[in-house]
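The values are calculated or read from the model by the stated rules, or taken from the named source; none is laboratory data. Because the structure is predicted, anything quoted here is derived from the model rather than measured. Every residue, glycine among them, receives a Cβ derived from its backbone with ideal geometry; neighbour counts consider all protein chains shown. For accessibility, only protein heavy atoms count, side chains too; no ligands or nucleic acids. Shrake-Rupley method; radii C 1.70, N 1.55, O 1.52, S 1.80 Å.
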Amino acid sequence: MSLTLLNVLAAVIIAITFVATNAAYLVWAERKGAGFIQRRPGPTENGPWGLLQPPVDGIKLMTKQLLIPGGVDKIIFVIAPVLAMFPSVVSFVTIPFSDTIVAHNVNIGLLMIFVFGSMSAMALLMGGWSSRNKYSMISSVRAVSQAVAYEIPMLITAITVVMIAGSLDLMEIVHKQSGGFWHWNIWPFQKGLFNILMPVSFLIFFVCSLAETNRAPFDLGEAESELVAGYHTEYSSMGFGLFFMGEYANIVIGACLTTILFLGGWDCPFGLVPGVWWFIVKIYILIFTFIWIRWTFPRTTIYSLLNLSWKVLIPISLFNLLLTAGLLKVF
């Protein structure tokens, strides 16, 4: 077995461990955060502050029987949860946490993450379509339409940052923002350009990251009031668990990309000593914001959801792309 193959296996194992740990304890943080925001207790019984609740939930899911309803497409039904989790694990392999902490840096890392991220929508469609359940089918169609609608402004905004940085390499994008928070892409003044829409680009990317994770107020694919539980209605045991872990993994990926593209990655906000700790602090502040938004705002309607993207976010992101291109050409 070659050293390269050993490195790949080690990277995959570390990525899976990181994803699983984050999924488990972000659920704990979600429940604690929801309890605090809505003035009710979160987990308190299993371990101090309920810290043993995630492993208990994991053991419960793994020991339950995976039931496959009659009449479903069994092969696609089984593959869908795995496909929901697989892109997230692969994406973590290319995300740099610092100058030295990255499993495998590639010069098209951003493009690779978007390619694998698009597979998540396919997993939701496969899960709903194969379930032989009309509610799951409607939910999967909603989820795909939502994913398509919000991937477009998200990708356009990412292209704008790539034009400013001049590279698809995630490490290079971070290096272009080094030296302090005033160099981050969230501010209008970058590379001698004054683009007043860069803070708006950050908001667009953040909103799209929120929508891509199918979380409230954008969880129209899981709207219990009309769709029972959405595309995973027929799933039990770890079939449901993998969908759930994929959602939380996508939250972390969205926070990582937002940090890399707009918040300087592992760069110190004050231009001092950079390091992985800055990256961790930034992504978990964003994740807390995700939780805060979920338990603060009510669910929107599917029409408002799609109109926000097609009529507002896409036109603004396209205008910003053209403006950035023009400024780079002139200056």
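Values for this structure:
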{"quantity": "Failed condition for E234, given (1) part of a loop (DSSP other than H, G, I, E, B); (2) under 19 Å from T259 (Cβ atoms); (3) of a type in the set (D, E)", "calculated": "(2)"}
{"quantity": "Helices (runs of 4 or more DSSP H) lying entirely in region 1-95 (those with 3 or more residues that are surrounded by 13 or more Cβ atoms within 10 Å (Cβ to Cβ) and hydrophobic (A, V, I, L, M, F, W, C))", "calculated": "3-37, 74-94"}
{"quantity": "Verdict on E212 being more than 18 Å from S120 (Cβ to Cβ), among the charged types (D, E, K, R), open to solvent by 30 Å² or more (accessible area, probe 1.4 Å) and in contact (Cβ under 8 Å) with a residue 40 or more places away in the chain", "calculated": "no"}
{"quantity": "Residue count, region 304-316 (criterion: surrounded by 16 or more Cβ atoms within 10 Å (Cβ to Cβ) and of a type in the set (S, T, Y))", "calculated": "1"}
{"quantity": "Hits in region 255-274 - residues which are aliphatic (A, V, I, L, M) and open to solvent by less than 20 Å² (accessible area, probe 1.4 Å)", "calculated": "A255, L257, I260, L261"}
{"quantity": "Residue within region 264-274 that is touching a Pro at 6+ places or on another chain (Cβ under 7 Å), touching a residue at least 60 places away in the same chain (Cβ under 8 Å) and within 18 Å of S139 (Cα to Cα) present", "calculated": "no"}
{"quantity": "Inter-residue pairs, beta-carbon under 6 Å, first in a helix (DSSP H, G or I) and in region 289-304, second among the β-branched types (V, I, T) and open to solvent by less than 70 Å² (accessible area, probe 1.4 Å), 6+ apart", "calculated": "F290/I251"}
{"quantity": "Members of region 243-254 that are open to solvent by less than 40 Å² (accessible area, probe 1.4 Å) and hydrophobic (A, V, I, L, M, F, W, C)", "calculated": "F243, A249, I251, V252, I253"}
{"quantity": "Some residue of region 134-144 being of a type outside the set (A, V, I, L, M), surrounded by fewer than 24 Cβ atoms within 10 Å (Cβ to Cβ) and within 23 Å of I68 (Cβ to Cβ)", "calculated": "yes"}
{"quantity": "Complete set of residues in region 281-303 that are open to solvent by 60 Å² or more (accessible area, probe 1.4 Å) and not basic (K, R)", "calculated": "V281, Y284, I285, F288, W292, W295, T296, F297, P298, T301, Y303"}
{"quantity": "Filtered residue count, region 174-184, keeping only those that are open to solvent by 10 Å² or more (accessible area, probe 1.4 Å) and touching a residue at least 24 places away in the same chain (Cβ under 8 Å)", "calculated": "5"}
